[in-house]
Structures are given as structure tokens and as C-alpha cells.
1. Across segment 167-191, what is the number of residues that are more than 21 Å from residue 14 (Cβ to Cβ), at pLDDT 85 or above and of a type in the set (Gly, Ala, Ser)?
2. Using the structure shown, decide if residue 159 is in contact (Cβ under 8 Å) with a residue 12 or more places away in the chain, more than 19 Å from residue 6 (Cβ to Cβ), surrounded by 15 or more Cβ atoms within 10 Å (Cβ to Cβ) and in contact with a Phe, Trp or Tyr (Cβ under 8 Å, 6 or more places away or on another chain).
3. Anything in segment 149-164 that is touching a helix residue (DSSP H, G or I) at 6+ places or on another chain (Cβ under 7 Å) and small (Gly, Ala, Ser)? List them, or say none.
4. Residue check: is residue 144 aliphatic (A, V, I, L, M), modelled with pLDDT under 90 and surrounded by fewer than 16 Cβ atoms within 10 Å (Cβ to Cβ)?
5. Surrounded by fewer than 14 Cβ atoms within 10 Å (Cβ to Cβ) and either of a type in the set (S, T, N, Q) or under 22 Å from residue 157 (Cα atoms) (or both), is that true of residue 220?
6. In segment 167-203, what count of residues is obtained for those that are surrounded by 15 or more Cβ atoms within 10 Å (Cβ to Cβ), more than 32 Å from the chain's Cα centre (by Cα) and among the β-branched types (Val, Ile, Thr)?
7. Limited to segment 57-76, what total is found for residues that are more than 16 Å from residue 38 (Cβ to Cβ) and in a strand (DSSP E or B)?
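The values are calculated or read from the model by the stated rules, or taken from the named source; none is laboratory data. Not measured: the values here are computed from a predicted model. Note that we place each Cβ from the backbone using ideal geometry, even for glycine, and neighbour counts take in every protein chain shown.
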Amino acid sequence: MNKLEKTENKIIFTTEIGETLANSIRRYVNHIQITAVDEVEISRNDSALYDETIAHRIGLIPLKAKASGKSGGKLKLETKKEGFVLSGDFKGDFEVVYKEIPITLLSSGQELVITAITKEGTGTEHSKFSPGLMFYRNVTEVTLDKEFLEEVKRVCPGIKIVEKGNKITIRDDGVEEIADVCEGIANKKRETAEVEVKDELVVTVESFGQIGVSDIFKKSVETLKKDLNEIGKLASKAS
């Protein structure tokens, strides 16, 4: 595994695993238990938005997971402040990930009173429980005629190019996908680029903020292993 880039909410790395396994891990991102708002009690709503619209927005606000593993709790919001009501105005058992998400707009003299009740669930149940995204692509090597060398350098500055005879080879294993760009350069002159697909994958994992981006990958693998073990036990009993 080779890490290419890591930020607070994204990690990109290369790894030699099969596409079937990678796809299983990707699907199991939505089997990770995540806390989100499940019920919304609106005691007063003087804004122009319907209660249902406000409840829908609140349900999709990401909440930071607690180290204790606590999932149940309440968040409360009570305001008469003129202007936008934001996600950061909620106070209670959980902290919101993004404090500037707009909920509604209040005019002078208007009031909003809300109690939000949380629960734990998975992305297979509802997207509000999804912790993030995972996607991947194959590493490829693109071979072109050497006549395209300068144009490739101009369009994709800084990439590593291997020259051999009258050919150049570009290994597409970086953060930015460049294989299609190289093919497009050749196609402009009605030439064909040679593309060799490798077994190695470039994997990107993005977090919505409830849990760390590295934890998404780890927990997805752990949950997949747990289910596979259960299947193995059931298969043993059946035989």
C-alpha cells in the first residue's frame, strides 16, 4: 500500500488487491454503524419553510461520533434570532460536523423551537447514516508515439514519462487520472494509444466527517470480515 495523498476528510492510496474484494469493501462502507438524527419534534416554527422541509434538512446534518460509542441522545435548538438558523445553533449530546449548514431563515419576531432525537443506523437503511464514500480505478500504463511528448508534458506537467525508442510510456497511478487525457491527445491525430491495465488499484476514501477517513476503511473491512465469519459458521452447520 502506497499513500498518495491524505487530508482531514480524504485519503488516496494504491494497493494490490482484487477488484472483487475492493468492491466488497466499498459496499460495506454503508454497513458501518453511524449516529444521525432520526426524529425531530418541532414545537414552534414561525419560518416560511414547512416543518417537513426543516426536519429533512436536520436529518442530513452529520454528527461527530463519540469516543465512548454512545449513539442515543438529543439536540435542542431554540432561537428568536433574526437571520439564518444554522446547524451550529444546535446544542446537546452530540456536536455537528459542519456548523454553517443553513436550516431556515427567521424574520424579526419569529421563533424556532426544535428537539432532535438521534439513533444509530447504517447507510443501507438511509443515506443520513452513511459515513462517506469509497471508489477506485485500475492503475494503467499508456504508451504513445514520441511525437506527443511535448504536448503530454504541456497538458500534464510534472508526470513521470519513460522514453524508449520512438515511444513514450506514462504510468497512470497518481491522484489525478490522466489515461483518458493521453488517449485524447493521440486521438486528435487519429492515432491510437496503447493502454495496459494493471492489477494495482488507486483507491480513494472520503469521509463526511462523522468518523475519520482511515476509520471508514478499517471499519468497513472489519464489518465485512464479521459477516464472512458468520456465513462460514452457517455453512459449517449446514454441512
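1. 1
2. Against the criterion (in contact (Cβ under 8 Å) with a residue 12 or more places away in the chain, more than 19 Å from residue 6 (Cβ to Cβ), surrounded by 15 or more Cβ atoms within 10 Å (Cβ to Cβ) and in contact with a Phe, Trp or Tyr (Cβ under 8 Å, 6 or more places away or on another chain)), residue 159 does not qualify.
3. Listed by number, the list is empty, since nothing qualifies.
4. In short, no.
5. Taking the combined requirement at face value, the residue does not satisfy it.
6. 1
7. Result for segment 57-76: 0.
Here's the yes/no breakdown for (1) in contact with a Pro (Cβ under 6 Å, 6 or more places away or on another chain); (2) surrounded by 16 or more Cβ atoms within 10 Å (Cβ to Cβ); (3) modelled with pLDDT of 95 or more:
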| residue | (1), (2), (3) |
| --- | --- |
| 8 | no, no, no |
| 19 | no, no, no |
| 23 | no, no, yes |
| 27 | no, no, yes |
| 37 | no, yes, yes |
| 45 | no, yes, yes |
| 63 | no, yes, yes |
| 70 | no, no, no |
| 83 | no, no, yes |
